[in-house]
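Visitor: Questions regarding the structure given below will be posed in turn.
The values are calculated or read from the model by the stated rules, or taken from the named source; none is laboratory data. As the structure is a computational prediction, the values presented were derived from the model and not from experiment. Cβ placement follows ideal geometry from the backbone for every residue including glycine, while neighbour counts extend to all protein chains displayed. For the accessible areas, the whole protein counts, side chains as well, though only heavy atoms, and no ligand, DNA or RNA atoms are used. Shrake-Rupley method; radii C 1.70, N 1.55, O 1.52, S 1.80 Å.
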Amino acid sequence: KTGGTTFGRHLVQNVRLEVPCDCRPGQKKCTCYRPNRRETWLFSRFSTGWSCGLHADWTELTNCVPGVLDRR
């Protein structure tokens, strides 16, 4: 175990940002936008869900992430 789940959760819930992620009770995902833009800055299962599949490896993520972020 590497603590990735705990680290990812801390990114969306506890990091002090100019515009913090919007985490609503009962939802598994948070909305993390850049300041003054409706553009996602964080790609993680806590902000975008399993957009590239469960436990995607580097090759899968490299091919998948740009398209997912463009659609958002």
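Visitor: Tally up the residues in region 38-59 that are in contact with a Gly (Cβ under 8 Å, 6 or more places away or on another chain) and modelled with pLDDT of 90 or more, please.
Guide: The qualifying residues number 0.
Visitor: Of the conditions (1) under 18 Å from Leu69 (Cα atoms); (2) polar (S, T, N, Q); (3) surrounded by fewer than 10 Cβ atoms within 10 Å (Cβ to Cβ), Thr40 clears all except one; give me its number.
Guide: (3) is the only condition that Thr40 fails.
Visitor: Based on this model, can you work out whether Pro35 counts as assigned to a loop (DSSP other than H, G, I, E, B) and either among the aliphatic types (A, V, I, L, M) or at pLDDT 90 or above (or both)?
Guide: Considered against the rule, which asks whether it is assigned to a loop (DSSP other than H, G, I, E, B) and either among the aliphatic types (A, V, I, L, M) or at pLDDT 90 or above (or both), Pro35 comes out as yes.
Visitor: Being under 14 Å from the mean Cα position of the chain (by Cα) and either part of a loop (DSSP other than H, G, I, E, B) or under 19 Å from Pro35 (Cα atoms) (or both) is the filter here; which residues of region 2-16 pass it?
Guide: Answer for region 2-16, where residues must be under 14 Å from the mean Cα position of the chain (by Cα) and either part of a loop (DSSP other than H, G, I, E, B) or under 19 Å from Pro35 (Cα atoms) (or both): Leu11, Val12, Gln13, Asn14, Val15.
Visitor: Here's a follow-up. For region 47-72, enumerate the residues that are surrounded by 15 or more Cβ atoms within 10 Å (Cβ to Cβ), part of a loop (DSSP other than H, G, I, E, B) and over 13 Å from the mean Cα position of the chain (by Cα).
Guide: Ala56 - this is the single residue of region 47-72 that is surrounded by 15 or more Cβ atoms within 10 Å (Cβ to Cβ), part of a loop (DSSP other than H, G, I, E, B) and over 13 Å from the mean Cα position of the chain (by Cα).
Visitor: Criterion first (assigned to a loop (DSSP other than H, G, I, E, B), open to solvent by less than 90 Å² (accessible area, probe 1.4 Å) and out of contact with any helix residue (DSSP H, G or I) (no Cβ under 9 Å at 6 or more places or on another chain)) does Val19 satisfy it?
Guide: yes
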